[in-house]
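In what follows, a structure is listed as structure tokens, so that the remarks can point back to it.
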């Protein structure tokens, strides 16, 4: 083993700084999954009949479905009866909260997580820009900040359970219109049991005056989280949205099955960024979140645009393919991804770009980093319909291997039915060379910093896509996720 | 199972077991059992997602009125298969020391008998199983150490008559240390369902050149599999030409088993009308310092469908692997379709692996340039497409073979390049 | 300042340096010349502390401290700088970012105050201007797509900013045409000072026309076989290594 490798191996302990458990009194649904549990969740949310029907119909279908097995992921069979599908901190008041109502203990937790819930504060960034936050704790939203200020320009930003009551016409119109409740095993499960997530509506012509973000925290043991997010950008609207997620360090695996739907109308744009930092399991592969996520954007309008940026550093298992249906003429889909798998993590992630409209274009930049004994797969589909004249796709998929115990895989599906479309796909695999590392060392840069520097360089194109407030955080996270990986 | 056809095949398997050589009965029995369980491959299996054989065999076939003929290669050693039977009178394969399969496999301990069923892990492969269970005819070539064959071996598969039955043929090729050989396969006519499985084993420092020229008629249904293992410093250079058929699929499953082994695969696919052509490769790097390079080019007209699935696997031990893969497609019609799935599966860190894929139409600037110099559009298109394949054709060393393949490219273009100009 | 005593070095189990002795006083420029395989690159990598260059015997004293056990970054912080024969490309990491990380890391190891953004920018711009390095080049990823001359100028820039006490130039002239070589040599000469020493490692005499050494050593078979003034280079040029080494032996 080289000296630098030895130096790095000393740092093998996992530095997951969000692994603490908060002692918060919670209320649970009965363990397991059946119609009664679904009725329980619906009743807790005080839902109208149509919402309960939607859930029950999804549940019936889910019972007939089989878990997908095509991903390069290996894990023991999940016992869907061995988990709580609803867990909420006990609260003195019902219904939507304002900051004043929030339990001070809860505020302290978010402080510890580095998430500002006071409207005058900002995230640790260079610029004094404001960010509205919806804080989701297990199955409920604790608080949503800046709601009033946003409503002045007509922007709706609230928990989805609130939107069901306050904006039923919008929810009925758009919920399940991008990811139908029949879509896939996990999406159907989510349709039956989803508990919380954010709802965003940006009215025509409005540019959302601040970044919106949702922060998901799983706290309770033996519970799953079923996030449901719906964002609609009406004609000419723009919004930049960011989600973050963390969970305590536990020995058991916990399930997170989310559905995110984006609807983009004429000339509108949604920029959706994710920094996924669920507990990844320890260095022996024990514990960690199973993250099965369906994210899809429907670019319905002409000149509409969706940009997905994801930094995936957490979770024991990641199964996630944020996609774009490019229906509107000239619509644009982008996917920028960094997926880091260290220790025993497994990631199978990528995107789907479905070109239906004329002159639609898409761009995929994927950077996969495998270290330890991890397996990291990029899986992507680019499909060009016969009607999509002038469609254009560019895909660049790079893998970086650190150590010889891990795997890096690339599985792209590229289909074109159109001679007027141009597709380009490139993929490479490389490692951090000893020469590169030595060059940095000889300039006085210590090993762990050199690895972080080189990996951040490798990821640069993607990091640049993140809103500035989060880019700095993400860069640190990249370095942190790989500590102890060179050996 | 796909009903009556599978039943018929199973019944035939029952008759064929041990027919070619009694000692093979056991291997055939195992293959038959696997076939009974799995049936004919359909789109439900990931590897057959874009080429549904079970369905193709249920569909009606297009009748092709064009009279069938097969190319002659002057000076070559010839193995003439007519409707799947080896025509010894017309053949001259003895010139290079080849023997028919029955002779080669006569005794369990005969030299080539050790290869059959052994090259590349093949147990799970539906076509190989079917072929093994139905084995009836074939050819075997063994080139002794250090010997360089100066004549190419021409394997001529010709299917005549409107309803020529399918046959299931096997080729065994073994090159001993330092040996060299060139195999030229031609496929013409319209078998209702043929499978051809080739197993080759290349010993240290040997070199096999393999040219496949598949010019099947529109109604043909054929699934071919080439299985190969390449030892240290040995080289396999292949050129696979296909113009598709009702169902035409060729798989190359290759294992680079020794240090410094090299595989060079060039593909040229030219499909029109409603033809289907599938090139599937698995390049398995199992040893250090091995290299592989694959370039598959395709031109698609009419409502044809082209498939390229290429998987490069790099085992943990295969450090310093250099594996490249490129797929390029030109679409000449709004109804044609290309499906590309270039896969990388990598378990070693010190490797150079890359793949690229492009799809589009002919370069408009180049086309304009040629037309501005007075070349009519159809001709300009043909010229550009020929140039598109030129680089791969140039790599064929044997001049006579290169001419023969070039002629196929040229003939296709003279019929179909004009179609391109209708694209709007 | 630098004193190498009876240095034996194994590379992949093979002994390459077999008792190297060398003394470089402050402010002097020493050249090490030698035929291929003499151990020139091994010398420079061993001084910089590259893994795999195993010191089996002897020591490298730098300002009285034996540095053989130190990590490369610790040696760098003490003032040893190696200008690489083939500078590495690091995609996505801008030259600017790299320089800042290196300068701050060294300051941290030395327990000095890190430069603030403005001080850093001023220092880089001034040094870059001297070496005719454009703002654009500083923003581009480190050495990626740089010409041979640009890479060597970049090495010189790093040297100027990191202010080493000992600069080892490993085959500084390789891959350079005469104009690029002059530019780099000019940059190096400007950095000569009474408290900075240079070790110029080269196969050819050409470089020494531009960076004129105080002493020339001839390295052969893993040892210094001959030392002299700059006229030794001319001798080598005329008679070749074999003849000169034979005479020495």
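Miscellaneous remarks
- Whether a residue is more than 9 Å from chain A (Cβ to nearest Cβ), part of a strand (DSSP E or B) and either surrounded by 24 or more Cβ atoms within 10 Å (Cβ to Cβ) or touching a residue at least 60 places away in the same chain (Cβ under 8 Å) (or both) was assessed, and residue B:279 passes this test.
- For segment C:193-211, filtering for residues that are within 15 Å of the chain's Cα centre (by Cα) and either surrounded by fewer than 20 Cβ atoms within 10 Å (Cβ to Cβ) or part of a strand (DSSP E or B) (or both) leaves 8.
- Taking the criterion of being under 29 Å from residue C:175 (Cβ atoms) and part of a helix (DSSP H, G or I), the residues of segment C:79-104 that qualify are C:95, C:96, C:97, C:98, C:99, C:100, C:101, C:102, C:103.
- Out of C:165, C:151, C:190, one residue alone is in contact (Cβ under 8 Å) with a residue 40 or more places away in the chain, surrounded by fewer than 18 Cβ atoms within 10 Å (Cβ to Cβ), on the phi < 0 side of the Ramachandran plot and out of contact with any strand residue (DSSP E or B) (no Cβ under 8 Å at 6 or more places or on another chain). It is C:190.
- Odd one out for residue B:148 among (1) within 30 Å of residue B:46 (Cα to Cα); (2) surrounded by fewer than 24 Cβ atoms within 10 Å (Cβ to Cβ): (1)
- The residue list B:335, B:395, B:352 contains one member that is surrounded by fewer than 21 Cβ atoms within 10 Å (Cβ to Cβ) and over 24 Å from residue B:249 (Cα atoms), which is B:352.
- Residue check for residue C:189: modelled with pLDDT of 90 or more, farther than 20 Å from residue C:28 by Cα and assigned to a helix (DSSP H, G or I): no
- Counting only strands (runs of 3 or more DSSP E) wholly contained in segment A:383-471, no element carries 3 or more residues that are in contact with a helix residue (DSSP H, G or I) (Cβ under 7 Å, 6 or more places away or on another chain), at negative phi and away from chain C (no Cβ under 14 Å).
- Residue list for segment B:103-126, filter: surrounded by fewer than 17 Cβ atoms within 10 Å (Cβ to Cβ) and in a helix (DSSP H, G or I): B:103, B:111, B:114
- Evaluation of residue A:51 against (1) outside any loop (DSSP other than H, G, I, E, B); (2) more than 17 Å from residue A:140 (Cβ to Cβ); (3) at pLDDT 90 or above (one fails), failing number: (2)
- Residue A:365, sole failed condition from (1) part of a loop (DSSP other than H, G, I, E, B); (2) at pLDDT 95 or above: (1)
- Complete set of residues in segment A:242-254 that are within 14 Å of the chain's Cα centre (by Cα) and not in a loop (DSSP other than H, G, I, E, B): A:242, A:243, A:244, A:245, A:246
- Looking at B:292, B:333, just one residue is within 23 Å of residue B:118 (Cβ to Cβ) and in contact (Cβ under 8 Å) with a residue 24 or more places away in the chain, and that residue is B:292.
- Residue within segment C:70-78 that is crowded, with 21+ Cβ neighbours inside 10 Å and touching a strand residue (DSSP E or B) at 6+ places or on another chain (Cβ under 7 Å) present: no
- Residue in segment B:315-328 that is surrounded by fewer than 22 Cβ atoms within 10 Å (Cβ to Cβ) and facing chain A (nearest Cβ under 7 Å) present: yes
- Take the conditions (1) modelled with pLDDT under 95; (2) touching a strand residue (DSSP E or B) at 6+ places or on another chain (Cβ under 6 Å); (3) over 21 Å from residue C:213 (Cα atoms); residue C:89 misses just one of them, which is (2).
- Residues (part of a loop (DSSP other than H, G, I, E, B) and either within 20 Å of residue C:19 (Cβ to Cβ) or facing chain A (nearest Cβ under 8 Å) (or both)) located in segment C:50-78: C:50, C:51, C:52, C:67, C:68, C:69, C:71
The values are calculated or read from the model by the stated rules, or taken from the named source; none is laboratory data. Keep in mind that this is a model prediction, so the values were computed, not measured. Backbone-built Cβ (ideal geometry, glycine too); neighbour counts: all protein chains shown.
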